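Below is one structure; the comments refer to it alone.
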Amino acid sequence: MDGYAIRAAATSMDVPMITTLQEFQAAVQAIEARPVEPFEVLSLQAHTARLAASRARVAHA
Amino acid sequence: MPRRPDIKSVLVIGSGPIVIGQAAEFDYSGTQACRVLREEGLRVILVNSNPATIMTDPEIADATYIEPIDPQIIRTIIEKERPDALLPTLGGQTALNAAIALAGDGTLEEFGVEMIGASLDAINKAEDRQLFKEVVERVGGESARSRICHSIDDLLEAAEDLGYPMVVRPSFTMGGLGSGMAYDEADLRRIGGDGLHYSPTTEVLLEESILGWKEFELELMRDSADNCVVVCSIENVDPVGVHTGDSVTVAPALTLTDVEMQKLRDLGIAIIREVGVDTGGCNVQFATHPETGRVVVIEMNPRVSRSSALASKATGFPIAKIAARVAIGYTLDEIRNDITGTTPASFEPALDYVVVKVPRFAFEKFPAADPTLTTTMKSVGEAMALGRNFTEALGKAQRSIDVKDASLSYRDAPPSAAEVTELLDQVRTPTAERLVTISRILWSAAEGILDPAETLDRLVEATAIDRWFLDQMLMVAEIAAEIRGTEVLDADLLSLAKRHGLSDDQIGALCGRSGDVVKGVREALGINPVYKTVDTCAAEFASSTPYHYSTYDQETEVETRERPAILILGSGPNRIGQGIEFDYSCVHAAMALGNRDLPGGGYETVMINCNPETVSTDYDIADRLYFEPLTFEDVVEVYEAEKAAGPVAGVIVQLGGQTPLSLARRLEAEGLPIIGTSPAAIDNAEDRGHFGAVLAEANLPAPPYGTAWGLSDATEVAAKVGYPVLVRPSYVLGGRGMEIVFDEAGLVDYVARNLPDGGRAEAPILIDSFLDTAIEIDVDALYDGTDLYIGGVMEHIEEAGIHSGDSACTLPPITLSDAVMDRIRTSTLAIAEGVGVRGLLNIQFALSHGVLYVLEANPRASRTVPFVAKATGVALAQAAALLMAGTSIADLRRGGVLPAEGDGTDLPDDSPIAVKEAVLPFKRFRTREGRAVDSVLGPEMRSTGEVMGLDSTFPLAFAKSQLAIAGQGLPISGTAFVSVADRDKRSLPLPVARLAALGFEILTTAGTGRVLSRYGIPCRVLRKASEPGDEASVIELIENGQVDLVMNTPPAPTRGWTATRSAPPRPAWTSR
């Protein structure tokens, strides 16, 4: 019952909550990687263009 | 005034993931707005974290950022893109709140970005309860008596003044989150306390109760020249006390006199002027006292909303499109109405039909949740229907909901007088089932078991629903009683029944025959629906837009056509497990098949759907739109109407999810040309025997499985398969009733709970070996009979066991070797061939101890199609639709729809990583004691939406995904509470040690703490709440806001809650 009470309290208070080990491992890596400066951003158009360019490179290679 | 020349680029903020209270309606409005702004030659910059939307398709905006809607991130985007203006009124409360933050911290001023659509001042006046009350007062209106509170003491003091019951409304929350009705001090402390927390300004409004009053809403627009139009009036069938989103609603308002209506209009227009929305739209909600007629203004939203999407679909007047034009300077009289092509947008729409919206709920997913409807919205979707009268529209809307008992089936006998007394007690509490229960009561009255007039009185008293609605429903009941009492179903009676919305199945139940027999009689008598047009002007002007609805009336307005048509069946109301991802695929099918420039394109496209929130039901997505229920009866009628209009080349059932797919066999038997994977092949993938043979033929391993009909075979099968096993009833969808069982005692318990009397099941129980610690992999692929194109391979973060819809995943997969990828390719090809796929195929694999197991295969569009499309830059759903129409993958590669070479498996090594993360609604659902329901992930899918995080590495992309799903995202410092089940204790120390090294204070429980201290990790052991002691328990620390991260893994499942982990090893498509 304690587990449920803890999870319910965290849900109510919007505390980030993790219920699997795999997600916890990913979260710790994310916390470590999260920049103090703002994240960099990438538009989908730029992302798609980069993928296409790299595809073309591979095709020619 | 023409368009403002000073605005050349606009930043549009979307609404983020689909959550309860903020769903696909903002994709619809945002997509419209972006398209309009681009048509006007502006550069459009978009930020939205939701990859499943159409608005985040790369061709909708000039620069699309699938990034968290976070002020810091938006600031970075503004810095990079330097937009002239910010349009925040199209992305719901999320966008509005983000815009307020950006204005508040000076970002907009710093970069010279002007807020358009609504000024900050207008937003504040509408959103701030006190300021809005003053607005209402100034225009001579009345608000409910109320007090603003900032603390628990304030709440208690106000209660003495206002008296119980009271409405609690936190400020600046969306979908009524945190609001509720307080009947006593305990309620007030609980709901009010939560409300203070939810409100970003720690502010709660307490209000006199207007419970049981009639509720109305007006959709208004205003331009810079002060032209005002009322686009639509909406009336709630459920009186005040049920959130509008959870209420059955009708448009136009039906129970007001003209004088009353004019009064609301005048008030609404006065309010939009006084608030100062001068370049956009808003809605205003009113309550009227059922006896005295006293009018109280409830609230206003200075932005497009769920209701404005509904109003747009109900009237054909595209509010978001027009709001976007008004925001950049046009006046309403300068904007042409697309539907008529001749009238301007300053003409108010006129309706010659009735529209009914019915909400769709998902309480079956949250058995612990209190299903009572309150002022906090709980529905996950909605369906809309149109008819020439209220009863026809209501009947159609109820069957559009796609829930077995959403309409009265008339299968049983009408309830006795004694049963009615009990039912009358039930309908006092608003629930999802209330309207059907009322129908049952009225049926009894119509059968003469009760006095009809007295029954109406009693229902009005019990429900406070307006007598007119109940009387209309009584009329339907009277027709039902007449059918039940007649020997011969003649043409007059049958037409009457159809005009009042009864389905063939309902009529069949009343005469003891099947719906098919009724259909046969109907056709023999020549009783078929005709199709009318939604034209905004009640047929005053000609309409050029084929947006149709069926009705049992005289002449049809469907025009003949030359080009062959393809009918696309949509997915119906949003629900958990079948959300906008499916609408996305349907929209793409319409775009691709209608495009003559694409290989195999150039058809006339016809969309059938009943979801008013989505892009697919925008009138300019397909060439023709039929707003109809997705039932066998309604789909066949549309097909017949279209066949009479011109050639029909095919019907697509694979893209809209389970709803259209489940009709495939019957539609094919009826002669409809189903294209793509054949219904027989779809069934083959579902059938265990056949699918097992496909796997055996290709030498592909699947987890051992078996079926059982009772306890004794179940224990035998489980022993043979080997524990742990995954157990579930065979007829379920979306993982319903799935549990993991670790031993025989658990199995006995499961059977006892799921098979009453421990007896034999009606359908077999499926028992599968559970693959522990397996990596789960999702694949979306295309197959044309010759070539295979793998769209994408996704690696789940959580191990096999958590429903794929609730699991996070990455694309490209981060740890899979080339050898595994090769095996995935050959396995996918073998399954695609063996099943006979033509179009999309989704397969789930599990990689365990080096063996790649096949868990299930779904020969249809999957939930991940839009995510794959965005992560790999390939329009997968468009390609699928063209394949289904007969084009080949080779043609699509030549035509540029698919890349000329390679596919989704050979993304470059330096490709950014895309992480998809699920968004879960646990906070919305409270137990009867007021606690949040348990948030453990399980075999049942419970997420409502998803986000995508895109960055150069997995940790960064994952961090973004966490920021996108909630508020602040992961903490970078502070206090973490860690407590895990025994099975996780070995793997715990390494990540916890990292957290401690990063400066986190680690809190834990005795058991976990013992392990951590043996590893030398500093931690503080807390008292369990259930243990005695004085020091603060972890729960108190969490509630006091002293914990920044909680890591808690539940122990193995026990009775009372569903399994925490379970593999869904199904060789079938029904579990998804």
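The values are calculated or read from the model by the stated rules, or taken from the named source; none is laboratory data. Because the structure is predicted, anything quoted here is derived from the model rather than measured. Here the Cβ positions follow ideal geometry from the backbone for every residue, glycine too, while neighbour counts run over all protein chains shown. Heavy atoms of the whole protein, side chains included, go into the accessibility calculation; ligands, DNA and RNA do not. Shrake-Rupley method; radii C 1.70, N 1.55, O 1.52, S 1.80 Å.
Determine the total buried accessible area between chain B and chain A, counting protein heavy atoms only with a 1.4 Å probe; round to the nearest 100 Å².
Details: alone 38490 and 6050 Å², together 38440 Å².
Summing both sides, the interface buries roughly 6100 Å².
Pick out, in residue order, every one of the trypsin sites (Lys or Arg not before Pro) in segment B:589-648 that is DSSP loop and has at most 12 other C-beta atoms within 10 Å; say none if there are none. The partial results should precede the final answer.
Values: sites: B:ARG596, B:ARG624, B:LYS643; in loops: B:ARG596.
Filter output for segment B:589-648: B:ARG596.
Kirkwood Rh and Cα-based Rg: tell me the resulting Rg over Rh for segment B:310-441, rounded to two decimals. Please report the intermediate quantities before stating the final value.
Values: Rg = 20.0 Å, Rh = 17.9 Å.
Here Rg/Rh amounts to 1.12.
Take the solvent-accessible surface of the protein heavy atoms, probe 1.4 Å, and return the percent of it on chain B that carbon and sulfur atoms account for. Write down the numbers at each step before the final one.
Details: 17220 of 35680 Å².
Roughly 48 percent, rounded to a whole number.
Write down the accessible area per residue of segment B:379-519 in Å², having rolled a 1.4 Å probe over the full set of protein chains. Write out the running numbers ahead of the final one.
Details: 5570 Å² over 141 residues.
Counting only protein heavy atoms, the per-residue value for segment B:379-519 is 40 Å².
Assuming R0 = 51 Å, can you tell me the calculated FRET efficiency for the pair B:LEU493 and B:ARG3, based on Cβ-Cβ distance, to the nearest 0.05? Intermediate results must be reported in sequence, preceding the final value.
Details: r = 57 Å, r/R0 = 1.13.
Computed FRET efficiency for B:LEU493 and B:ARG3: 0.35.
With every protein chain left in place, what is the accessible area per residue of segment B:186-320 in square angstrom, probe 1.4 Å?
On the way: 3580 Å² over 135 residues.
On a per-residue basis, segment B:186-320 sits at 27 Å².
Only bridges whose two residues both fall in the protein assembly as shown count here: according to DSSP, what percent of them are antiparallel, nearest 5? Working shown, then result.
Working: 102 of 147 bridges.
Expressed as a percentage, antiparallel bridges in the protein assembly as shown total about 70.
So for the protein assembly as shown, taking the charge dipole from beta-carbon charges (+1 Lys/Arg, -1 Asp/Glu), which of B:THR202, B:LEU37, B:ALA981 sits furthest toward the positive end?
Positive-most Cα among the choices belongs to B:ALA981.
Under 13 Å from the Cβ of B:LEU131, count the other residues' Cβ atoms, weight Lys and Arg +1, Asp and Glu -1, and hand me the total. Each step should come with its number before you reach the end.
Numbers: positive: B:LYS125, B:ARG129, B:LYS133, B:ARG138; negative: B:ASP121, B:GLU127, B:ASP128, B:GLU134, B:GLU137, B:GLU203, B:GLU274, B:GLU299.
Every neighbour counted, the sum reads -4.
Using only the Cα atoms of the protein assembly as shown, each taken as one equal point scatterer with no solvent, compute I(q) by the Debye sum, divide by I(0), and report log10 of the ratio at q = 0.04 Å⁻¹.
Debye intensities relative to I(0), on a log10 scale: -0.20.
Separation of segment B:545-605 and segment B:1-40 by C-alpha centroid, Å?
Going from one Cα centre to the other spans 23 Å.
Can you give me the accessible area per residue for segment A:3-59, using a 1.4 Å probe, in Å²? Please list the in-between numbers first.
Numbers: 2300 Å² over 57 residues.
Roughly 40 Å² per residue, with all protein chains present.
Find how many whole Å separate the alpha carbon centroid of segment B:884-950 from the alpha carbon centroid of segment B:327-360.
35
Find, among the trypsin sites (Lys or Arg not before Pro) in segment B:272-313, those assigned to loop by DSSP (not H, G, I, E, B) with at most 16 other beta-carbon atoms within 10 angstrom. Write out the running numbers ahead of the final one.
Values: sites: B:ARG273, B:ARG294, B:ARG303, B:ARG306, B:LYS313; in loops: B:ARG294, B:ARG303.
When the trypsin sites (Lys or Arg not before Pro) of segment B:272-313 are filtered for loop state and at most 16 Cβ neighbours within 10 Å, B:ARG294 remain.
About its Cα centre, what dipole magnitude does segment B:349-432 give when the only charges are +1 on Lys and Arg Cβ and -1 on Asp and Glu Cβ, stated in debye to the nearest 20? Please list the in-between numbers first.
Values: 10 positive and 11 negative charges, 62 e Å.
In total the dipole reaches around 300 debye.
Based on the inverse mean of 1/r over its pairs of different Cα atoms, what is the Kirkwood hydrodynamic radius of segment A:3-59, in Å?
Values: mean 1/r = 0.0662 Å⁻¹.
It works out to 15.1 Å.
Of A:THR11, A:ALA26, A:SER43, which is farthest on the positive side of the dipole of segment A:3-59, counting Cα position, with +1 on Lys and Arg Cβ, -1 on Asp and Glu Cβ, and the Cα centre as origin?
It is A:SER43, whose Cα lies furthest towards the positive end.
Might you report the magnitude of the Cβ-based charge dipole of chain B about its Cα centre, with Lys and Arg at +1 and Asp and Glu at -1, to the nearest 20 debye?
The dipole of chain B has a size of about 1640 debye.
Keeping all protein chains in the complex and leaving out DNA, RNA and ligands, what accessible area do you get for B:GLU557 with a 1.4 Å probe, in Å² to the nearest 10?
The value for B:GLU557 is about 80 Å².
Students often get this wrong, so check it: of B:LYS923/B:LYS960; B:LYS960/B:LYS985; B:LYS498/B:LYS643; B:LYS313/B:LYS498; B:LYS125/B:LYS365, which have C-alpha atoms separated by over 31 Å?
Values: B:LYS923/B:LYS960 21 Å; B:LYS960/B:LYS985 28 Å; B:LYS498/B:LYS643 22 Å; B:LYS313/B:LYS498 23 Å; B:LYS125/B:LYS365 38 Å.
As for pairs spanning more than 31 Å Cα to Cα, those are B:LYS125/B:LYS365.
So, in Å, what gap is there between the alpha-carbon centers of segment B:431-448 and segment B:226-260?
For segment B:431-448 versus segment B:226-260, the Cα centre distance is 24 Å.
On the protein heavy atoms, probe 1.4 angstrom, tell me the percent of accessible surface of segment A:3-59 carried by carbon and sulfur. It would help to have the intermediate numbers written out before the result.
On the way: 1300 of 2300 Å².
Carbon and sulfur together cover 57 percent of it.
With N denoting the number of residues in chain B, provide Rg(C-alpha) divided by 2.2 N^0.38 Å, to two decimal places.
0.92
Trypsin sites (Lys or Arg not before Pro) within segment B:395-452: which are DSSP loop residues with at most 16 other Cβ atoms inside 10 Å?
When the trypsin sites (Lys or Arg not before Pro) of segment B:395-452 are filtered for loop state and at most 16 Cβ neighbours within 10 Å, B:LYS404, B:ARG411, B:ARG428 remain.
Divide by every residue of chain B the summed helix terms, -39500 (n - 2.57) for each DSSP H run of at least 4, and state the resulting mean residue ellipticity at 222 nm, rounded to the nearest 500 deg cm²/dmol.
On the way: 35 runs with 361 residues, N = 1072.
Value at 222 nm, helices only, nearest 500: -10000 deg cm²/dmol.
Compare each residue of segment B:945-959 in its chain alone against the assembly with all protein chains, and report those whose accessible area goes down by 10 Å² or more; 1.4 Å probe, heavy atoms.
The answer is B:LEU950, B:ASP951, B:PHE954, B:PRO955, B:LEU956, B:PHE958, B:ALA959.
For B:VAL521, tell me the accessible area in Å² from a 1.4 Å probe, rounded to the nearest 10.
Approximately 50 Å² of B:VAL521 is accessible to the 1.4 Å probe.
Using R₀ = 60 Å, calculate the FRET efficiency as 1/(1 + (r/R₀)^6) where r is the Cβ-Cβ separation of B:VAL851 and B:LYS404; round to 0.05.
Working: r = 40 Å, r/R0 = 0.66.
Efficiency computed from Cβ-Cβ geometry: 0.90.
Assigning unit charges at the beta carbon (Lys, Arg +1; Asp, Glu -1) and nothing else, what dipole magnitude in debye, to the nearest 20, does segment A:3-59 show about its Cα centre? Each step should come with its number before you reach the end.
Details: 5 positive and 5 negative charges, 72 e Å.
The dipole of segment A:3-59 has a size of about 340 debye.
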